[in-house]
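The values are calculated or read from the model by the stated rules, or taken from the named source; none is laboratory data. Remember, it's a predicted structure, so these values are computed and weren't measured experimentally. Don't worry about glycine lacking a Cβ; one is built from the backbone with ideal geometry, like all the others, and counts go over all protein chains shown. The area values use the complete protein model at the heavy-atom level, side chains included, leaving out ligands, DNA and RNA. Shrake-Rupley method; radii C 1.70, N 1.55, O 1.52, S 1.80 Å.
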Amino acid sequence: MIEFTDVVKSYAQGNKALNGVSMQIEDGEFVFLVGPSGSGKSTIIKLITGELKPTSGTVHVNGYSLERIRKREIPYLRRTVGVVFQDFRLISKMTVYENVAFAMRVVGAREKEIKERVPYVLELVGLENKMNRHPGEMSGGEQQRLAIARALVNNPSTIIADEPTGNLDPERSFEIMALLQEINNLGTTVLVVTHAQNLVELFGKRVVAINEGKVVSDAMGEERNHEAE
């Protein structure tokens, strides 16, 4: 579970990126986080992954208290949270299989586990026939699927997708969002940070809107659309 309670995050010169954010994301939920550039979305991601600590308030993520987490605990927190980025962040010299296996090696997985888990995850994202390709030989949509496989391979309880469709055309964007929904259906908590309003409306999930460091609305997609009318 992810829980923010009265979270304030101030940067240098006293700029407040977050100003009293409270929200709760239950295990197994699918939530969109939306808001204009500079609204505080990136700060929320960095707090969830332990890259930042709150200035005040409390952040709880999958059993960890982020305001008092120790440095040596952060790698264990990050094993529970897989992150998918807009720019893929793949290793170009490695094959599809090697990119995903590398994520397991980093956390000390045994080769036997890697050989079992990597093909399963690649099949889940529809890349089982491209294991020996390199990222440069693949389309943008395929590269994003690979990035999702890498985020999934260590079996995190939560996936954060930061603008996962930002570099994709509408058809590929829909496919990636449908894949994230499928992953959510298997029990993984999914938080999608996006500007793609059409996809938010299409999938009808819970939407948390943030602006100027504050939560300005929190509703299911259908309720939100009804309010807009």
Residues that are open to solvent by 50 Å² or more (accessible area, probe 1.4 Å) and in a helix (DSSP H, G or I), drawn from the stretch 34-88: SER42, LYS46, LYS71, ARG72, GLU73, PRO75, TYR76, ARG78, ARG79
Residue satisfying all of: in the stretch 89-103; touching a residue at least 24 places away in the same chain (Cβ under 8 Å) and either under 26 Å from GLU29 (Cβ atoms) or charged (D, E, K, R) (or both); most open to solvent (accessible area, probe 1.4 Å) among these: LYS93
Which numbered condition LYS115 fails, given (1) at pLDDT 95 or above; (2) open to solvent by less than 60 Å² (accessible area, probe 1.4 Å); (3) assigned to a helix (DSSP H, G or I): (2)
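For (1) under 16 Å from the mean Cα position of the chain (by Cα); (2) surrounded by fewer than 18 Cβ atoms within 10 Å (Cβ to Cβ), each residue gets a yes or a no:
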residue	(1), (2)
ARG150	yes, no
GLU182	yes, yes
ASN211	no, yes
VAL215	no, no
Criterion (part of a strand (DSSP E or B) and in contact with a Ser or Thr (Cβ under 9 Å, 6 or more places away or on another chain)) met by exactly one of ILE159, ILE176: ILE159
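Could you tell me whether MET177 is in contact (Cβ under 8 Å) with a residue 12 or more places away in the chain, open to solvent by 10 Å² or more (accessible area, probe 1.4 Å) and hydrophobic (A, V, I, L, M, F, W, C)? Don't jump to the end; show me each part of the working.
Values: in contact (Cβ under 8 Å) with a residue 12 or more places away in the chain: yes; open to solvent by 10 Å² or more (accessible area, probe 1.4 Å): no; hydrophobic (A, V, I, L, M, F, W, C): yes.
It is false that MET177 is in contact (Cβ under 8 Å) with a residue 12 or more places away in the chain, open to solvent by 10 Å² or more (accessible area, probe 1.4 Å) and hydrophobic (A, V, I, L, M, F, W, C).
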